[in-house]
Amino acid sequence: MTRRLAALLLTILLLPAAAGAEEVLRTDRTQPGHLGPTFRAYEPPPPGHEPRLRRTESRAVYKLPNGLNGLATRDRTLSHLCQRGAFLQQIDGLYWAATPDFRYGVAFSGGANLVDPQNRRQPGKTYFFRNQDSRCEVWIGDQAKLMPHYIGG
């Protein structure tokens, strides 16, 4: 009796699976464009969606063996503006200065790598950035004093 009951239960459980296996979905009911071409490693973006990013190489512009001592002073106002996002490097670390302790991001008063919507820059100055986030610190140095340490090309 238990064998017949087990066989009956097995038939009841397998019957819907077998019925579903016979049904095949037709592809003409789906959207025609859903089956795209085979995968290609690179497809150019569609017109009007070209990437806005440019590939750039960072470049050391100053080598300061004694750090910023005597060459630049920390500016509280610009540091506060940098922390708020109102005085920044356009590309963090695009230009940089090597010191024994830190690697500082560099921007120039002529506008190279500098975002300054409030026009706080001063002519003939170089700006050094450390931690371009809520801990940002900005130092100002005189370009004439920094020229002996310039290594940019």
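Which condition number does Tyr104 fail, the rest of (1) loosely packed, with under 15 Cβ neighbours inside 10 Å; (2) under 19 Å from Lys63 (Cα atoms) being met?
(1)
Is it fair to say Gly110 is closer than 30 Å to Lys125 by Cα and either exposed (fewer than 10 other Cβ atoms within 10 Å of the Cβ) or at pLDDT 65 or above (or both)?
Values: closer than 30 Å to Lys125 by Cα: yes; either exposed (fewer than 10 other Cβ atoms within 10 Å of the Cβ) or at pLDDT 65 or above (or both): yes.
Here the answer is yes, as Gly110 does meet what is asked.
Any idea which of (1) surrounded by fewer than 10 Cβ atoms within 10 Å (Cβ to Cβ); (2) at pLDDT 90 or above; (3) within 29 Å of the chain's Cα centre (by Cα); (4) not charged (D, E, K, R) is the one Gly48 doesn't satisfy?
So the condition that Gly48 fails would be (2).
Considering every residue within the range 127-138, establish whether at least one is in contact with a helix residue (DSSP H, G or I) (Cβ under 8 Å, 6 or more places away or on another chain), crowded, with 16+ Cβ neighbours inside 10 Å, among the aromatic types (Phe, Trp, Tyr) and under 17 Å from Val61 (Cβ atoms).
Within the range 127-138, one or more residues are in contact with a helix residue (DSSP H, G or I) (Cβ under 8 Å, 6 or more places away or on another chain), crowded, with 16+ Cβ neighbours inside 10 Å, among the aromatic types (Phe, Trp, Tyr) and under 17 Å from Val61 (Cβ atoms).
Of the conditions (1) buried (at least 17 other Cβ atoms within 10 Å of the Cβ); (2) within 22 Å of the chain's Cα centre (by Cα), Asp92 fails just one. Which one is it?
(1)
Could you look through the range 64-74, keep only residues that are touching a helix residue (DSSP H, G or I) at 6+ places or on another chain (Cβ under 9 Å) and assigned to a loop (DSSP other than H, G, I, E, B), and pick out the one that is surrounded by the fewest Cβ atoms within 10 Å (Cβ to Cβ)?
Here is the first cut: in the range 64-74, the residues touching a helix residue (DSSP H, G or I) at 6+ places or on another chain (Cβ under 9 Å) are 64-65, 70-72.
So of that shortlist, the ones also assigned to a loop (DSSP other than H, G, I, E, B) come out as 64-65, 70-71.
On the way: Leu64: 21, Pro65: 8, Gly70: 10, Leu71: 20.
Within the range 64-74, the match that is surrounded by the fewest Cβ atoms within 10 Å (Cβ to Cβ) is Pro65.
For residues in the range 108-126 being in contact with a Ser or Thr (Cβ under 8 Å, 6 or more places away or on another chain) and not hydrophobic (A, V, I, L, M, F, W, C), which is farthest from Lys63 (Cα to Cα)?
Here is the first cut: in the range 108-126, the residues in contact with a Ser or Thr (Cβ under 8 Å, 6 or more places away or on another chain) are 108-109, 120-126.
Going one step further and asking which of them are not hydrophobic (A, V, I, L, M, F, W, C), we end up with 109, 120-126.
Values: Ser109: 19, Arg120: 26, Arg121: 23, Gln122: 23, Pro123: 22, Gly124: 19, Lys125: 17, Thr126: 14 Å.
Checked the range 108-126; the qualifying residue farthest from Lys63 (Cα to Cα) is Arg120.
Give the residues of the range 95-122 that are hydrophobic (A, V, I, L, M, F, W, C), assigned to a loop (DSSP other than H, G, I, E, B) and in contact (Cβ under 8 Å) with a residue 24 or more places away in the chain, sorted by residue number. Spell out the reasoning first.
The first filter runs over the range 95-122 and keeps only residues hydrophobic (A, V, I, L, M, F, W, C), leaving 96-98, 102, 106-108, 112, 114-115.
Next, only the ones that are assigned to a loop (DSSP other than H, G, I, E, B) stay: 102, 112.
Scanning the range 95-122 gives a single hit, Phe102.
Let me confirm something: among Thr99, Thr56, which residue is surrounded by 15 or more Cβ atoms within 10 Å (Cβ to Cβ) and at pLDDT below 95?
On the way: Thr56 fails: surrounded by 15 or more Cβ atoms within 10 Å (Cβ to Cβ).
Every option except Thr99 fails the conditions.
Please verify whether the range 126-143 includes one or more residues that are more than 26 Å from the chain's Cα centre (by Cα), among the aliphatic types (A, V, I, L, M), under 14 Å from Ala72 (Cα atoms) and not in a strand (DSSP E or B).
The first filter runs over the range 126-143 and keeps only residues more than 26 Å from the chain's Cα centre (by Cα), leaving 140-143.
If we keep only those that are among the aliphatic types (A, V, I, L, M) too, we end up with 140.
Now restrict to residues that are under 14 Å from Ala72 (Cα atoms): 140.
Adding the requirement that they be not in a strand (DSSP E or B) leaves none.
No; the residues of the range 126-143 include none that is more than 26 Å from the chain's Cα centre (by Cα), among the aliphatic types (A, V, I, L, M), under 14 Å from Ala72 (Cα atoms) and not in a strand (DSSP E or B).
The values are calculated or read from the model by the stated rules, or taken from the named source; none is laboratory data. Keep in mind that this is a model prediction, so the values were computed, not measured. Neighbour counts run over all protein chains shown; Cβ positions are idealised from the backbone, glycine included.
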